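> Structure in structure tokens, see below.
The values are calculated or read from the model by the stated rules, or taken from the named source; none is laboratory data. Note that the structure is predicted; figures quoted are calculated from it, not measured. We place every Cβ from the backbone using ideal geometry, glycine too, and count neighbours over all the protein chains shown. The area values use the complete protein model at the heavy-atom level, side chains included, leaving out ligands, DNA and RNA. Shrake-Rupley method; radii C 1.70, N 1.55, O 1.52, S 1.80 Å.
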Amino acid sequence: MRTYLITLFGLLFVLFSYAAAYDPLDPNGNITIKWDVMSWTPDGYVAVVTMNNFQMYRHIMSPGWTLGWTWAKKEVIWTMIGAQATEQGDCSKFKGNIPHCCKKTPTVVDMLPGVPYNQQFTNCCKGGVLASWGQDPQSSVSAFQVSVGQAGTTNKTVKLPKNFTLLGPGPGYTCSPAKIVLPTKFFTPDLRRKTQALMTWNVTCTYSQFIAQKHPKCCVSLSTFYNETITSCPSCACGCENKHKCIKSDSKLLSMVGVNTPRKDNAPLLQCTQHMCPVRIHWHVKLNYKEYWRVKITLTNFNYRVNYTQWTLVAQHPNLNNVTQVFSFDYKPLVPYQSINDTGMFYGMKFYNDLLMEAGPAGNVQSEVLLQKDKDTFTLKQGWAFPRKVYFNGDECMLPPPDTYPYLPNLAHQNLVAISTLFCSMLLILLVLF
């Protein structure tokens, strides 16, 4: 019975993990790692490893990706171009040529920009930063070359690496086992000849916010033109365990040298707030015209140690199917299901506001959105004008409870009271006169 329960709980955990990794707004989003064996060597092979970020709105920001795996046999890495192993390991048994890495479980990182030309490879050397596919497809690729020794030298003797791990830059990704696929085909520069890899295998990594962190990383506040009430982010929306470590916006500590320097463990330095979130998104229903309505969106950074480069904001709302103009952000509709167009991605304009600065006076970006009304669905009642879901950098933000949304004043009730008062006044005048 005990064994049965353990097996059942294990199965439920696996199923829950896979379910958490599924993103309904980006059902096909993943990072695919492809190994192409380009040539055989006397004791192994030379492979090109390509990492494609097929996620529409989740990118990998600085300090970048970290890729790891376990060798199936006693393989070593002789050389690498465009990336490097973080540790060499024990190579004491080698004489003469010393391998780049002898570890059974190598950990690989991208090279930094500006490395010597002979250490560069196509799509390398970006410090591990990987843009999202929806925002910048050309920058969503990273690659390096690796020469593997003490390995198989034919398609039948090569053993695929296993236990792949990916940090981007923190936890959250789960990788599948390597799977042999059809060899990748390449065109020569003149497009007149086609070649192919000697062998190809793929690894697919998917992201789960449940695995990445215990609490959300962002929250949403709401306001409108028709109600003075501002609905704040929920209290402790992102957890209050570290509230004793936060810093007030007027603290003298902020003037100390190095207080804004990122730490190796990526520990944040948050401004003290009731929600304790690194980022807040404010959605303000600003104006209501005859055929259009306008929303103002503001992103505020409360982390003194992080600048968010190439940030993305995803919102789900039924009227995003008819966006007329976005004034200060770039915008792209996301249509994961062809029959439904209610999701869109906002992101900064390049060299203008694609950098969300650290907490402080400059730590915010904002834009306004003009939407055309659908007379059959548009209403300001019951919180219809507020988003259903909001994501920042691919992580879902916590929305306030619906019963706290700014409500539309009950004009009908007010008119009824005014009419009743007028009727009583007229009746009193008639009684006095007669």
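> Condition first: outside any strand (DSSP E or B), open to solvent by less than 40 Å² (accessible area, probe 1.4 Å) and without any contact (Cβ under 8 Å) to a residue 60 or more places away in the chain. Can you find one or more residues in segment 109-121 that meet it?
Yes, segment 109-121 has at least one match.
> On the given criteria, is Thr229 of a type in the set (S, T, N, Q), in contact (Cβ under 8 Å) with a residue 40 or more places away in the chain and either open to solvent by 40 Å² or more (accessible area, probe 1.4 Å) or touching an Asp or Glu at 6+ places or on another chain (Cβ under 9 Å) (or both)?
yes
> Do the conditions hold for Leu198, that is, is it of a type in the set (A, V, I, L, M) and modelled with pLDDT of 95 or more?
yes
> May I pose another question? For segment 296-316, which residues satisfy the criterion of being touching a Lys or Arg at 6+ places or on another chain (Cβ under 6 Å) and either open to solvent by less than 10 Å² (accessible area, probe 1.4 Å) or under 14 Å from Glu368 (Cβ atoms) (or both)?
If the condition is that a residue be touching a Lys or Arg at 6+ places or on another chain (Cβ under 6 Å) and either open to solvent by less than 10 Å² (accessible area, probe 1.4 Å) or under 14 Å from Glu368 (Cβ atoms) (or both), then Lys296 is the only one that fits.
> If you scan segment 282-294, which residues turn out to be part of a strand (DSSP E or B) and surrounded by fewer than 22 Cβ atoms within 10 Å (Cβ to Cβ)?
Answer for segment 282-294, where residues must be part of a strand (DSSP E or B) and surrounded by fewer than 22 Cβ atoms within 10 Å (Cβ to Cβ): His282, His284, Val285, Lys286, Leu287, Asn288, Tyr292, Trp293, Arg294.
> Pairs only if they're at least six apart or on different chains, beta carbon under 9 angstrom, first in segment 237-253 and within 16 Å of Asn301 (Cα to Cα), second open to solvent by 90 Å² or more (accessible area, probe 1.4 Å) and assigned to a loop (DSSP other than H, G, I, E, B); list them, first residue then second.
From segment 237-253, the pairs are Cys238/Lys217.
> Residue under question is Met357, and the condition is that it be in contact with a Cys (Cβ under 7 Å, 6 or more places away or on another chain) and among the aliphatic types (A, V, I, L, M); does it hold?
It is false that Met357 is in contact with a Cys (Cβ under 7 Å, 6 or more places away or on another chain) and among the aliphatic types (A, V, I, L, M).
> Given the criterion at pLDDT 95 or above, over 28 Å from Asp110 (Cβ atoms) and crowded, with 20+ Cβ neighbours inside 10 Å, identify the matching residue among Leu222, Leu166.
Leu222
Results for (1) within 19 Å of the chain's Cα centre (by Cα); (2) of a type in the set (Phe, Trp, Tyr); (3) surrounded by fewer than 19 Cβ atoms within 10 Å (Cβ to Cβ), shown as yes or no for each residue.
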| residue | (1), (2), (3) |
| --- | --- |
| Tyr331 | yes, yes, yes |
| Val335 | yes, no, yes |
| Asn341 | no, no, yes |
| Asn353 | yes, no, no |
| Ala362 | no, no, yes |
| Lys375 | no, no, yes |
